[in-house]
Amino acid sequence: MKELNKVVKIIAKVLEIVHWVAAGLMVAAAICSTTASQYLGHFIDMNALETEAEASVYGFEVALRNSAGELNTKAFMLFAIGAVILYALVAMIFRNIYLIIKKSESETPFSKDNIRMLKEIGIFSIAIPVIGLIMSTIIRLVVGVDAIEISVKMYGFVMGIIILCLTQFFAYGAKLEKDVDGLL
């Protein structure tokens, strides 16, 4: 079990860092799309956009080409802003996973901090599709309802609800552990 915890801890930390870097790159891409769109190719694969014409981050998908086949820089900038938020949320999820495992090595997994971090993971998971819906609404308002195709997948919402339910079991486990310690 200790080996598995060590591996998960390493993977969680690496994925946290990767997501923070991705968020930083999307900030740069958003700035580039508004100030110097000719350099946008340094941040995204423009050839892939010619054939795919769609960008996606954790279920938040936006078709970035208009009906004439041109890249819609407003839509890309708004997509990049949404992507920054989504990458940051996922980075926070991996940060909390890392901290929960690290904290559980030296104390019980039913500590208040672990329960709080598990609850945050659930909230962050629910926030991912909610942010996608908010950003899709903003994009439709700015770019136009018929000008662009947007979709949001809601699987993060279901995962968040499951995690929040598990949080209640952990809180109950902490209460039982406290009661048992009080009896001894």
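The values are calculated or read from the model by the stated rules, or taken from the named source; none is laboratory data. Owing to the predicted nature of the structure, the values given are computational and were not obtained by experimental measurement. Counting neighbours? That spans all protein chains shown, and the Cβs are built from the backbone with ideal geometry, glycine included. To get the accessible areas, we keep the full protein, side chains included, count just its heavy atoms, and leave off ligands, DNA and RNA. Shrake-Rupley method; radii C 1.70, N 1.55, O 1.52, S 1.80 Å.
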Note to self: When you scan segment 48-64, do you find a residue that is among the polar types (S, T, N, Q), part of a helix (DSSP H, G or I), modelled with pLDDT of 80 or more and exposed (fewer than 15 other Cβ atoms within 10 Å of the Cβ), even just one?
What the structure shows: no
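For every residue, the table says whether it meets (1) farther than 24 Å from VAL62 by Cβ; (2) part of a loop (DSSP other than H, G, I, E, B); (3) among the aromatic types (Phe, Trp, Tyr).
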site: LEU99; (1), (2), (3): yes, no, no
site: LYS103; (1), (2), (3): yes, no, no
site: PRO109; (1), (2), (3): yes, yes, no
site: ILE123; (1), (2), (3): yes, no, no
site: THR137; (1), (2), (3): no, no, no
site: VAL158; (1), (2), (3): no, no, no
site: ILE162; (1), (2), (3): yes, no, no
site: ALA171; (1), (2), (3): yes, no, no
site: LEU176; (1), (2), (3): yes, no, no
The condition from (1) open to solvent by less than 50 Å² (accessible area, probe 1.4 Å); (2) at pLDDT below 95 that PHE110 misses is numbered (1)
Given (1) more than 18 Å from the chain's Cα centre (by Cα); (2) under 25 Å from ILE138 (Cβ atoms); (3) surrounded by 12 or more Cβ atoms within 10 Å (Cβ to Cβ); (4) modelled with pLDDT of 80 or more, LEU71 misses just (4)
Listed by first then second residue, the pairs whose first member lies in segment 110-121 and is farther than 12 Å from ILE93 by Cα, whose partner is open to solvent by 20 Å² or more (accessible area, probe 1.4 Å) and modelled with pLDDT of 95 or more, with beta carbons under 6 Å and at least 6 positions apart or on separate chains, are none
In the set GLY173, GLY156, the lone residue that is surrounded by 20 or more Cβ atoms within 10 Å (Cβ to Cβ) and either farther than 30 Å from ASN72 by Cβ or under 21 Å from the mean Cα position of the chain (by Cα) (or both) is GLY156
Exactly one of LYS178, LYS103 is free of Cβ contacts under 8 Å to residues at least 40 places away in the same chain, open to solvent by less than 60 Å² (accessible area, probe 1.4 Å), out of contact with any Phe, Trp or Tyr (no Cβ under 7 Å at 6 or more places or on another chain) and more than 30 Å from ALA30 (Cβ to Cβ), and that one is LYS103
